[in-house]
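Here is the structure we will look at, set down as structure tokens.
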């Protein structure tokens, strides 16, 4: 006998679907962002910094409507909830019930946001970065952080593929895809992005002059009295010119070095007894020797070498074009592949001017390995925020989209700073701030449905009775609301 699903006792039957509750919001967690922005006066600080820009025409001349600072923060709010393009702003704009909770109640329409975004120039982007730095400095001060501690900058880039024609500034990268390259400097100890630049994907690496300019710009965003700055970069940025420029800026450096014939010769000078076990990396050993790069007109530097055992079976099973094979000396690789050797070593090289009195060989290698933190920030920016897409055909609008994306990322970082409940995410690498990924925070905090009611001059958010993260939500909102007045 056939059972009609609609008559099953466990079935709700035919559903009647209505959109008729004016008090429901799908983004109750923007109350946390709104509280943080209002307590830190984020919108006002961005507007103030934009107001002193004299090298470009003002974004807006008329005072009516949304201010430029409000536009930037509103974009970041929308991105926090999952907006991937300008049209997605309309989803937040349609949430009339939640307007009172947001940092910017009057979310702009997609056409208005798209049009205003085209008016932001590089000098406006720098003003937004300065405003963010002022907010972050104040939060660090309120949290009692040591303003004089040493600072680590990570500089790296990530590609964003774009589709369609007419994308201003986009170019075909080495992989054949058309897109942009986003360069970002992050402050490792804080897990926050400080400054950025957007180029076509054909520029796999910016010049040494541009790199040191970004690092110098980031340094100006630090609070007064900060400690020694050290810049960590990968082998794509490696050059004696960058080393010399950083030395002029009094910035120490730690650079991954390309595996050139010079490096292989330096490796052969290291005696076998010099190798010692690496920190927190099973099967790895490190050693060092003195090294002076060609064109570096200063004292010899430290060349730190790491080696990791690779088995013959692992190499044979891998792709013949795998990157791992480039980390092995050619003669050793040939002997492993023809069966003469059962295993060999894969090598990595680091050039640094960090004094041996400050960090030992193993300390430097471990410190440089933590450069992977910036990859976590990029992953957050692409999976938790919308950096996987740059939506406009206008380069200036895409620069603003990138800046708003990094602002959204920094807002989530600040929320984790003020609320340990939000930051709880297990173990973090040594020296890295504790963070939940932005995508997890969206599910736990920001994109949470609630009914809003008002009674006796009090607004109440009614979350689901079975909401699993009520304690985290409440603790985080209370932490944002408890921030002292500016």
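The length gained on full extension between residue 224 and residue 106, counted as 0.36 nm times the residue separation minus their Cα-Cα distance, comes to 38.9 nm. Extension gain, residue 338 to residue 262: 0.36 nm times the residue separation minus the Cα-Cα distance gives 24.7 nm. Summary value for the range 259-353: 29 percent relative contact order, contacts being C-alpha pairs under 8 angstrom separated by 6+ residues. All Cα-Cα separations within the range 259-353 were binned at 5 Å from zero, giving a P(r) of 2, 12, 22, 21, 19, 12, 6, 3, 1, each value a whole percent of the pairs. This structure gives P(r) over Cα pairs in 20 Å bins from 0, in percent, computed directly, and of [x] 12, 17, 13, 11, 10, 13, 16, 5, 1; [y] 23, 55, 21, 0; [z] 21, 48, 25, 5, 0 that value is listed as [z].
The modelled label-to-label distance between residue 122 and residue 432, using points 7 Å beyond Cα along the C-beta direction, is 3.2 nm. The angle between the Cα long axis of helix 470-481 and the longest principal axis of the Cα atoms of the chain comes to about 90 degrees, rounded to the nearest 10. Note: relative contact order over the range 250-296, using C-alpha pairs below 8 Å and six or more positions apart, is 27 percent.
Adding -39500 (n - 2.57) for every DSSP H run of four residues or longer, then dividing by how many residues the chain holds, sets the calculated 222 nm ellipticity at -10500 deg cm²/dmol. Of 313, 419, 165, 256, the sequence from fewest to most neighbouring Cβ atoms within 10 angstrom is 165, 313, 256, 419. Full extension of the chain between residue 440 and residue 48 gives 137.8 nm of extra length, using 0.36 nm per residue less the Cα-Cα distance. Using the Cβ-Cβ distance between residue 457 and residue 20 with R0 set to 25 Å, the FRET efficiency from 1/(1 + (r/R0)^6) comes to roughly 0.40. Working from Cα positions, state the angle (0 to 90°, nearest 10) between the long axis of helix 30-40 and the longest principal axis of the chain. The helix 30-40 is inclined about 70 degrees to the chain.
In this label model, residue 279 and residue 383 are separated by 2.7 nm, measuring between points 7 Å along each Cα→Cβ vector.
Taking R0 as 56 Å, what's the FRET efficiency between residue 38 and residue 358 from their Cβ-Cβ distance, rounded to 0.05? It comes to 0.85. Which angle between 0 and 90 degrees, to the nearest 10, do you get for helix 68-80 versus the longest principal axis of the chain when only C-alpha atoms count? The two axes meet at around 80 degrees. Suppose a student asked you for the relative contact order of the chain, using Cα pairs under 8 Å spaced at least 6 residues apart; what percent would you report? Value for the chain: 20 percent. Separation of the range 300-366 from the range 47-72 is 52 Å, based on Cα centroids.
No lab work stands behind these numbers, since they all come straight from the coordinates. All figures in this text were calculated on a predicted structure; none of them were measured in a lab. Note that each Cβ is placed from the backbone with ideal geometry, even for glycine, and that neighbours are counted across all protein chains shown.
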